[in-house]
Amino acid sequence: MNKKKSTKKAKSNKNEDLKVELQEAKDKYLRLYSEFENYRRRTSKEKIEMIDSANKDLLKEILPISDDFERAIKSSSDSKNIIDEEGVNLIYQKLKGILEKHNLKKMDIKVGDDFNSEIHEAITSTPSDKKLKGKIVDVIEDGYMIGEKILRFGKVVIGS
């Protein structure tokens with residue numbers, strides 16, 4: 001009879017040990033699964049950020065070309081230059097469309113707007129009447145945003 005009790009106790013202890021071991025394995029599995037999910041999310045986020053960063057760098061390099069097109073169009077319409085205005089406008093509109101497709105937006109900066117150091121970069125200041133003191137007197141270079149992030153600050157002259 002003593003032998004049966006010890007055998008039952010041994011089986012009971014073995015079952016308890018197996019239950020504890022199974023629970024530890026489940027915990028280990030859940031931690032490993034959670035770590036993998038976190039890794040997958042993090043690498044996916046990093047990949048998206050890397051692509052966005054590459055796009056920003058490319059768009060930043062293209063912006064001066066867009067500025068040159070705007071100056072050429074303005075110059076040709078002011079001086080009645082002989083260049084093919086329609087062709088230049090067509091190329092500029094295509095470039096503008098590509099930039100807009102990549103969520104690039106030109107900041108709306110006008111003469112007379114209040115200077116805002118968060119979106120404007122003051123290149124210089126010029127003496128002006130009281131009406132334009134602390135306001136934008138001239139826009140040297142337009143500012144651009146990608147979504148809600150600033151890609152290039154608007155370069156302006158402010159009145160002093």
| request: For region 104-121, name all the residues that are charged (D, E, K, R) and farther than 15 Å from Gly147 by Cα. | output: Lys110, Asp113, Asp114, Glu118, Glu121
| field | Boolean, Arg71 is at pLDDT 85 or above, basic (Lys, Arg) and in a helix (DSSP H, G or I) | value | no
| field | Residue list for region 74-104, restricted to those being among the small types (Gly, Ala, Ser) and modelled with pLDDT of 85 or more | value | Gly97
| query | What strands (runs of 3 or more DSSP E) completely inside region 85-160 contain at least 2 residues that are in contact with a helix residue (DSSP H, G or I) (Cβ under 8 Å, 6 or more places away or on another chain) and buried (at least 17 other Cβ atoms within 10 Å of the Cβ)? | reply | 144-146, 149-152
| Selected residue (only one of Ser66, Ser53, Ser34 is surrounded by 10 or more Cβ atoms within 10 Å (Cβ to Cβ), at pLDDT 85 or above, among the hydroxyl-bearing types (Ser, Thr, Tyr) and under 28 Å from Glu148 (Cβ atoms)) | Ser66
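The values are calculated or read from the model by the stated rules, or taken from the named source; none is laboratory data. None of these values were measured; they are calculated from a predicted model. All Cβ positions, glycine included, derive from the backbone under ideal geometry; neighbour counts span all protein chains shown.
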